[in-house]
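Reviewing the structure listed below.
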Ligand SMILES: Cc1cc2nc3c(=O)[nH]c(=O)nc-3n(C[C@H](O)[C@H](O)[C@H](O)COP(=O)(O)OP(=O)(O)OC[C@H]3O[C@@H](n4cnc5c(N)ncnc54)[C@H](O)[C@@H]3O)c2cc1C
Ligand code: SF4
Ligand code: SF4
Ligand code: FES
């Protein structure tokens, strides 16, 4: 007999970031019993780290904005691989979701007439990001948390789910352990919502925390759900590269927005050397025009540093590979130079970029008002994830829902900044609502004892081995390999060798050994996370191998341009009955005529 | 490569004890990096909390050489590495294991503080109007990352263990954010004096000194709240006046 404790809820939500909390609030409002499980303490999920803002066409700053423009911007950014049902709902509902936060106590920065202020961001036609300085995520998660704790929701902090439990085709609960004591838990639920975030820890250099091991992706996959668009991993062009301790930590786009220029070790402003044809007539001819743009001259074009994230990231990689990088393997991002242009530059920089100033001062000992920063691309966001119904957020497995970064569809081949926080609110709410409705009609049967026994045995296996490998070593090797072979610039041969490498790592991970006991043991947790990392890494590599073109965040050196052949489908992977990963191309659903018109109007 | 020794609390309960670990020190390292390095090299079951590594989530709180600090924001170059660096768990909360403590008490205290209750919307579309100058003050309090370092350093909790009677500086910051919120109409002053025990605070300002978000906890949150308590409960005139005119407009008015 496996020793475990059982908890019962109508709706079980896995994850307590923006998506999970918003789903929990909605489900409990529908009058069902709700449990929320999260790996960390409440309020520490990744959402807390978001800086720039939440995108919603409130039209407070520019009244030309509206859902149609937001919809068209999102589709263009995603290179039209987006699930247009989601893109439409998102654009229409985001403003209400943001206003609702205010009714729950959030305090956004204000316009002069006392409404919510909005700022410009890459890919958004008008100022659209509601924000609180550069700590929007903190404001959002704290508002949801403080509202949620009064809704009768049960929170299981520092609990990790390792498996979903099924009854026939249906998901009816989850199996996991509590970190503190390592005791097993069984959660019975009529519906389960995945809100587990992303996969960044599959890479060595990332802006993501230890939690981002792709658990939700992997749980869904092993329960039989489809994963979609996994080839699209967003690499943010500017992460810190030095000191090693902060490698990967985000350097906001705002630095370039304020006039920051990217320079190689020869002092060359290399972004001017490669401007895609599509953007030629929208990009500044020279440094002078770029400066006029960032200082608000509406007749000037943007400097090449402000081209799309994927392009800037690739240019940086090229400089580094060609030996023109900075001492610690990045390039220089220089904002201090603006002292040539304005008298009180240091003061201006400290005022506009307070957290960047402190981040570099405190962690790197670099004064960004006097010297350049060193930056390089960092793994940032997974566009791919669980394939869901755009309206209900139900996956292809009955009773299993997904929302937030773990779900695919809204962002297509590339996400616009600010569209994640709004995604969490809009689709968190929808998932909560539909999961509650489903649970009301589908009570949870008792879990199958055999599944619980298997899950427990798998979780304890690393303790049972007399000898074996250190799980940290395997994790590091996997991160190195993914960074190297399935990173920003991809080729057929690299990815084929990555797949071989993953098989080898899988064999090693079946032979890990952990020391100590089950109480708060990070070595054990790392060993259990390996399965998830391996699954998502394989999904990324297989999907990227199959897309023989370059689009959005996915760049193939051997197929450097976009291809019509690949413009009409999403890549989907799922688990075949023999346990292997099966890939198929799923045709895009034909877009509604009125939405076609919206896109055409906005492209005119 | 230079090396340094870290004396880290290991184990739990009665058997908890210091253990020394020596590891390489590279340029720019923070204490959390050293702990992770020790974990990967020689103590895979060493327990500690962290998430963001950038001072944004408030997970990695510990006592470093006796001072409550965030491990991810403490650079080794700012410590004297010729001596052992001592890393211990927070003291104001029950110890779980190694560097991890049970901070769940904080979540229970927060839950009993009366939630946000807004006045009726200002505009027909259900929205409010607020000036930036009205929200500035509260935005300072809302920077709190719930690291609980202020709770750890406060003698009322740390030395006198008044957890049952005293909410602690973090929750005074939280209550202040609600009380001074331009839209809020709830009254928490009675609770602050009663079950939150704000009277125990004798304004030593130790909490303000350790706050990594540089929130002026004592001057901007606690003292104004204490003033409200005094106004409401000890000043007979104010009290009399209040019977006829509530301090804040009622919800919906
Ligand atoms: C530095 C940074 C800045 C950003 N800035 C912005 C921005 O300005 N605007 C924007 O729109 N987006 C931004 N993003 C992206 C955005 O923050 C994230 O995509 C978003 O917060 C993800 O939210 P989520 O609710 O899906 O997941 P998260 O907030 O990551 O929450 C995931 C939850 O799932 C739990 N969990 C995971 N696995 C398990 C398991 N096995 N068992 C139990 N629980 C589990 C975790 O504990 C956690 O509670 C930024 C990201 C970073 C890293
Ligand atoms: S000022 Fe008050 S709350 Fe802060 S540490 Fe001193 S006694 Fe505690
Ligand atoms: S007030 Fe400051 S010290 Fe206290 S919990 Fe918040 S951030 Fe930490
Ligand atoms: S890890 Fe987030 S504050 Fe240190």
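Values quoted throughout were computed directly from the atomic coordinates according to the rules given, and no laboratory measurement underlies them. As the structure is a prediction and not an experimental result, all values here were calculated from the model. Counting neighbours? That spans all protein chains shown, and the Cβs are built from the backbone with ideal geometry, glycine included.
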Ranked from highest to lowest mean number of other Cβ atoms within 10 Å per residue, what is the order of the peptides A:105-111, B:120-126?
A:105-111, B:120-126
Working from Cα positions, state the angle (0 to 90°, nearest 10) between the long axis of helix A:419-441 and the longest principal axis of chain A.
20
At what distance in angstrom do the alpha carbon centres of the stretch A:479-558 and the stretch B:1-77 lie from each other?
28
Add -39500 (n - 2.57) for each DSSP H run of 4 or more in chain A, then divide by its residues: what number comes out at 222 nm, to the nearest 500 deg cm²/dmol?
-11500 deg cm²/dmol
For a Förster distance of 56 Å, can you work out the FRET efficiency between the beta-carbons of residue B:134 and residue A:371, rounded to the nearest 0.05?
0.90
D (Stokes-Einstein, µm²/s), Kirkwood Cα radius, the stretch A:562-604, 0.890 mPa s at 25 °C
188
Where does each of A:434, A:217 land when they are ranked from fewest to most other beta-carbon atoms within 10 angstrom?
A:434, A:217
FRET efficiency for residue A:279 and residue A:500, using Cβ-Cβ distance with R0 set to 35 Å, rounded to 0.05
0.40
Which angle between 0 and 90 degrees, to the nearest 10, do you get for helix A:354-364 versus the longest principal axis of chain A when only C-alpha atoms count?
70
Using R₀ = 30 Å, calculate the FRET efficiency as 1/(1 + (r/R₀)^6) where r is the Cβ-Cβ separation of residue A:457 and residue A:154; round to 0.05.
0.65
Percent antiparallel among DSSP beta bridges confined to chain B, nearest 5, equals 85
Can you give me the Cα centroid spacing of the stretch A:120-167 and the stretch B:123-139 in angstrom?
22
Within a Gaussian network of chain B (alpha carbon springs, distance under 10 Å), most fluctuating of B:63, B:41, B:186
B:41
Defining a contact as two alpha carbons under 8 Å apart and six or more residues distant in sequence, what relative contact order in percent does the stretch B:104-243 show?
27
Would you kindly state how much longer the chain becomes between residue A:492 and residue A:389 on full extension, computed as 0.36 nm times their sequence separation minus their alpha carbon distance, in nm to one decimal?
33.9 nm
Between residue A:596 and residue A:511, what is the spin-label point distance in nm, taking each point 7 Å from the Cα along the Cα→C-beta axis?
5.8
Averaged over A:149-155, how many beta carbons belonging to a partner chain fall within 10 Å of each residue's beta carbon?
2
Can you sort A:574, A:218 by how many other beta carbons sit within 10 Å, fewest first?
A:574, A:218
Tell me the angle of helix B:223-233 to the major Cα principal axis of chain B, expressed in degrees between 0 and 90 and rounded to the nearest ten.
40
Along Cα→Cβ, 7 Å out, is where each label goes; now give me the distance between the ones at residue B:83 and residue A:464 in nm to one decimal.
5.0
Checking B:221, B:16, B:62 against a Gaussian network model of chain B (alpha-carbon springs below 10 Å), the top fluctuating residue turns out to be B:16
For a quick check: sort B:166, A:463, B:172 by the number of other beta carbons within 10 angstrom, fewest at the front.
A:463, B:166, B:172
How would you classify the protein assembly as shown from its alpha-carbon gyration tensor, with a ≥ b ≥ c the square roots of the eigenvalues: rounded for a/c under 1.5, else prolate if a/b is greater than b/c, otherwise oblate?
rounded
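What average count of beta carbons from other chains do you get within 10 Å of the Cβ of residues in B:126-137?
Per-residue shielding by partner chains comes out at 5.
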Rounded to 5, the percent of DSSP beta bridges in the stretch B:3-101 classed as antiparallel
85
Counting only other chains, and only Cβ atoms inside 10 Å, what mean value do you get across the residues of A:106-116?
5
DSSP bridge pairs, the protein assembly as shown: antiparallel proportion in percent, nearest 5
70
Rounded D (µm²/s) - the stretch B:34-91, Kirkwood Rh over Cα pairs, Stokes-Einstein at 25 °C, 0.890 mPa s
203
Separation of the residue A:341 and residue A:266 label points, Cα + 7 Å toward Cβ, nm:
2.5
